[in-house]
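The block underneath contains the structure these notes are about, expressed in structure tokens.
The values are calculated or read from the model by the stated rules, or taken from the named source; none is laboratory data. Everything quoted here is computed from the prediction, not taken from an experiment. With ideal geometry, Cβ positions are generated from the backbone for all residues, glycine too; neighbour counts draw on all protein chains shown.
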Amino acid sequence: MIVVTGSDSSLGQQLMGSCPQDERESRYTGEKIVGMSSWIMAEKRSIDERILEIITEHGSIDKIINNYGTNHLSWIGKTDANDDQILIHNVMGPYWVINALVKAGQVCQVVNVASATYRVPQRCTALYCASKAALVQMTRVMARELAPQGWTVNAIAPGLIEDTRMARFTNEQVLELRGWSKEKADSYARKLIPMGRYTSREEVADAIWKIFDLPPYINGTIIDMMGGV
């Protein structure tokens, strides 16, 4: 059985087969797929409860896609105190999910959804970049610690994904913070990508499912999906 965190996000819905329900059969693998909505990822207790609920109702969890994440752009010196939630959600959320699964005696294949920003710094995203760098290093540590128990833990780091709520939100903020036109911001961003385009939800979802089919000796690996950046 597969669990997708942030199943109500744009990429989460793509992974769930563009279906609003929390449970369905994966159109990619034919396995049962269960979602964990974004609100569940806010605290350890709700994550623990949902993981145990899924195991009790459906049995063993074999695969987990830690997809949930959040972002908010801000200049250093003007950052609101509530922006610490970026670190809490993007780092502690995925950690508590894996912690709950290990505690429950599960053995899983894991794909953590990171971001190109783990190694490509961007203005106004200090906390987000730091959170994704932390998730990447956490992936490596998890693989090192859990591989003896039969786990594989890898991560994928895509660039900007078109047609997602996060992309639309951050793009609007870029215009506000930098005072650029939409055309100027888009032209600047695309010129930084050798392939000259962004990726898509379909492309990222396809890559995630393919990671599960890789040989198990590929463990603790970060797959960059950045169009040549």
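Miscellaneous remarks
- Test: residue in region 91-110 that is assigned to a strand (DSSP E or B), closer than 21 Å to GLY35 by Cα and not hydroxyl-bearing (Ser, Thr, Tyr): yes
- Candidate set: region 52-90, residues that are among the hydrophobic types (A, V, I, L, M, F, W, C) and in a strand (DSSP E or B); chosen: the one farthest from SER7 (Cα to Cα): ILE64
- When we screen ILE64, ILE54 for residues that are modelled with pLDDT of 95 or more, crowded, with 20+ Cβ neighbours inside 10 Å and within 15 Å of the chain's Cα centre (by Cα), the only hit is ILE64.
- Check on VAL136, touching a residue at least 60 places away in the same chain (Cβ under 8 Å) and among the hydrophobic types (A, V, I, L, M, F, W, C): yes
- Scan of region 78-128 for residues that are closer than 30 Å to LEU52 by Cα and among the charged types (D, E, K, R), ordered by number: ASP83, ASP84, LYS103
- VAL107 being in contact with a Gly (Cβ under 7 Å, 6 or more places away or on another chain) and surrounded by fewer than 22 Cβ atoms within 10 Å (Cβ to Cβ): yes
- Within region 104-118, being more than 13 Å from the chain's Cα centre (by Cα) and in contact (Cβ under 8 Å) with a residue 12 or more places away in the chain holds for ALA104, GLN106, VAL107, CYS108, GLN109.
- Given (1) at pLDDT 95 or above; (2) over 20 Å from PRO158 (Cα atoms), number of the condition ALA81 does not satisfy: (1)
- Close pairs from region 28-55: first closer than 10 Å to ALA100 by Cβ, partner of a type in the set (Phe, Trp, Tyr), Cβ under 6 Å, at least 6 apart: LYS44/TRP96; ILE47/TRP96
- When region 110-131 is filtered for residues that are of a type in the set (Lys, Arg) and farther than 14 Å from HIS72 by Cβ, only ARG119 remains.
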